[in-house]
Amino acid sequence: MKTQALTLAALLAAQPLSAHANNNEALEQLRAEMRRLEQQHQAQLRRMEERINALQTEQARREPLETRAERPPAAGQPGSALQRFNPQLSVILDGRYYDDSADGHGAAAIGEAAGFHTGHGNHGHAHGHDLAPGFSLGETEIAFSASVDPYFDASLYLGISEDGDVAVEEAWAATRNLPAGLTLKGGKFLSGIGYNNSQHHHSWDFVDQNLAYRGLLGDHGLADTGLQLSWVPDWPWYTRFGVEALQGDHESFGALEGHDEKSGPRLGTAFVKFSPNLGYEHALQIGLFAAYSRQHQEAHEHGGHHELLDGDAWLAGTDWVYRYDAPHAYGQGDFKLQAEYLYRDKDLRIVEADDPAELGERHRARQDAFYLQGTYGIAPRWQLGARYSALGLRNEVGDEDLNDSRRASLALSFRPSEFSVLRLQLSRAKIATEHGDERFNQVFLQYQHSLGSHGAHSF
C-alpha cells in the first residue's frame, strides 16, 4: 500500500498546473487509480473476513460442546441479543402507470400467449397480466434479514398486493461456515437456476418480466420450498455448483391441480455458474441449468369441455452476463449485457375428461424462449436499457405448431440515489393468441422507493 501511495503522490507532482487539458487527463488518471486501489482494498478486506470465518469455524469445531453452551456470545457478535432482535429491515414501494394501444388488454394478451396459458392460479402473487390502464400500486416488498448466530443466516421476504393480500416470497435459513466451500439453504427461496430467476422485481432494469420467463417460469420465476446445497470450490476462478430438492407446486413448472398428487419433493434442479477473472472493470458469468418435475398437471377448458392432464416435465437452459464498470461516478459509462435461453418439454396424458374416449391420450409440448437485454449509463444517474424477448420459437403443442410471440422494449431510468428509481418504458409486442396475432404498444411509468437498509444486489 505504501508503494501505491507513493505512486499517487508522484502522479500529483508530475502534472503541469498551467495546462488545463493535461489537468483533466491527470484527474481522470487519478480517479482511475483511486478506484483501482479501493477495489484492491475491498478485495483484501473480503479475504481477511473469509480467513477470520474459517478460523472461527475451526475453533468452534475443536471446542467442546459443553464449553460452547456455557459461554454467552460476545456483545456485537452475530449471536448476541442485539443482533437477534435487530435484523436488517427494508420496505420497497412500487407505483406504476400503464396504458396500451389494445384497449387496455395488452397485458392480459401476454398472459394468454398461444401454447403458454395453462389456467393456473397466481399462488398469491399479483401478476403482470393483472395490469389495468391507469395508476396502480405494485407489490410492496418487506424484507427482514439477519445473522442468527455464527452458523446461520436467515431472510424473510413478504409481498403485499394493492388489495392487501400478503404472500411469502422467500423464508429461508442458510449455513455460514460449512467446510470445503459448502452451503446448505432450507425453506422457501428463489431457485438458483438461470440469472433473472434469483432477482427480486425491484432489482430489474425493466418494469415487467421478460417474455421468456413469463411463459416458461411465470411472472415471479421459480420459487418453491425445499433444500439447496451449493459448493464453491477453492479454484483460481469463481465456480459455483448447486442442486435443489423442491416440493414441486409451482404455477408454470411442476403445477398441481389436486388430482392424485404424488408425495414431495417432486421437483429437482441442478446448476453451475462460472466467472473467469477479467480484472477489476470487467466481469463475466456463464451458467448452465436443468430442472425436472416428476409431476405436472394442467386443467384445460375448451368451449365448456373440461380436460385434466397429468405427467412430467423437464427444463434446461443457459445464461450469460457481462458487466463493465466504468471509472466514472453514479453509473456513467457502466454497461451490462445479459441473455438467457430456456427449453421446456412436457409429457402429459389426459386423466379426466367429459368424453371418456379421450382418457389416456398423450399431450406432448416442446417449447423454448430467450431474451437479450442491455443497459448503459448515458449520464450520471441516468440509464438507458433495451430488451428483446421471444417466446415459442419452437411451439409444438400436441399436434399443433403454434406461432411465436415477440416483444421489444426501451427503458429510461433515473436514479436520484441508490434508494429510489424513476423509470419510463415503451414496448412493442406481437403476441400469438387463439384468435391470431395481436400487435400493440405499451407504455409504463414506474417509481420505486426503498426505505431502511438495503443490501447490495448479487452479480
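The values are calculated or read from the model by the stated rules, or taken from the named source; none is laboratory data. Small disclaimer: the values here were computed from a predicted structure and weren't measured. Note that we place each Cβ from the backbone using ideal geometry, even for glycine, and neighbour counts take in every protein chain shown.
Of the residues contained in the stretch 205-213, none is found to be farther than 30 Å from Val443 by Cβ and in contact with a Lys or Arg (Cβ under 6 Å, 6 or more places away or on another chain). List pairs: first residue in the stretch 173-194 and closer than 20 Å to Trp235 by Cα, second residue among the charged types (D, E, K, R) and in a strand (DSSP E or B) anywhere in the structure, Cβ distance under 7 angstrom, at least six positions apart or on different chains. From residues that are closer than 20 Å to Trp235 by Cα, the pairs are Arg176/Asp153.
Checking each residue in the stretch 390-425 for being assigned to a strand (DSSP E or B) and more than 18 Å from Gln373 (Cβ to Cβ) picks out Gly392, Arg394, Asn395, Glu396, Val397, Glu400, Asp401, Phe414, Pro416, Ser417, Ser420, Leu422.
Scan the stretch 255-268 and give yes if some residue there is among the hydroxyl-bearing types (Ser, Thr, Tyr) and surrounded by 17 or more Cβ atoms within 10 Å (Cβ to Cβ), otherwise no. Walk me through how you get there before you give the answer.
Taking the stretch 255-268 first, the residues among the hydroxyl-bearing types (Ser, Thr, Tyr) are 263.
Then drop every residue that is not surrounded by 17 or more Cβ atoms within 10 Å (Cβ to Cβ), which leaves none.
For the stretch 255-268, residues among the hydroxyl-bearing types (Ser, Thr, Tyr) and surrounded by 17 or more Cβ atoms within 10 Å (Cβ to Cβ): absent.
Filter the stretch 292-338 for residues that are of a type in the set (Gly, Ala, Ser) and crowded, with 18+ Cβ neighbours inside 10 Å; which is nearest to Pro380 (Cα to Cα)? Talk me through it step by step, then tell me what you get.
Going residue by residue through the stretch 292-338, those that are of a type in the set (Gly, Ala, Ser) are 293, 299, 303-304, 311, 313, 316-317, 326, 329, 331, 333.
Right, trim to crowded, with 18+ Cβ neighbours inside 10 Å and you get 293, 311, 313, 317, 331.
Working: Ser293: 45, Gly311: 52, Ala313: 46, Gly317: 35, Gly331: 6 Å.
Applying the filter and picking the extreme gives Gly331.
Scanning the stretch 290-336 for residues that are modelled with pLDDT under 95 and among the hydrophobic types (A, V, I, L, M, F, W, C), we see that the one that is nearest to Arg362 (Cα to Cα) is Leu309. In the condition set (1) touching a strand residue (DSSP E or B) at 6+ places or on another chain (Cβ under 7 Å); (2) of a type in the set (Gly, Ala, Ser); (3) farther than 25 Å from Leu348 by Cα, Gly398 is compliant with all but (3). Each residue in the stretch 315-368 was checked for being of a type in the set (Gly, Ala, Ser), out of contact with any Lys or Arg (no Cβ under 9 Å at 6 or more places or on another chain) and assigned to a loop (DSSP other than H, G, I, E, B), and 2 pass. Scanning the stretch 145-193 for residues that are among the β-branched types (Val, Ile, Thr), part of a strand (DSSP E or B) and either on the phi > 0 side of the Ramachandran plot or surrounded by 15 or more Cβ atoms within 10 Å (Cβ to Cβ) (or both) yields Val148, Ile160, Thr183.
A quick yes/no check of all residues on (1) buried (at least 21 other Cβ atoms within 10 Å of the Cβ); (2) out of contact with any Leu (no Cβ under 6 Å at 6 or more places or on another chain):
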{"position": "Gln367", "(1), (2)": "yes, yes"}
{"position": "Gln373", "(1), (2)": "yes, yes"}
{"position": "Tyr376", "(1), (2)": "no, no"}
{"position": "Trp382", "(1), (2)": "no, yes"}
{"position": "Arg394", "(1), (2)": "no, yes"}
{"position": "Asp399", "(1), (2)": "no, yes"}
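So, of the residues in the stretch 426-439 that are surrounded by fewer than 18 Cβ atoms within 10 Å (Cβ to Cβ) and assigned to a strand (DSSP E or B), which turns out to be farthest from the chain's Cα centre (by Cα)? Give the derivation first.
Step one: of the stretch 426-439, the residues surrounded by fewer than 18 Cβ atoms within 10 Å (Cβ to Cβ) are 426, 428, 430, 433-437, 439.
Next, from what is left, pick out any that are assigned to a strand (DSSP E or B): 426, 428, 430, 433, 436-437, 439.
Values: Leu426: 22, Arg428: 24, Lys430: 25, Thr433: 28, Gly436: 32, Asp437: 30, Arg439: 28 Å.
Per the stated criteria, the residue is Gly436.
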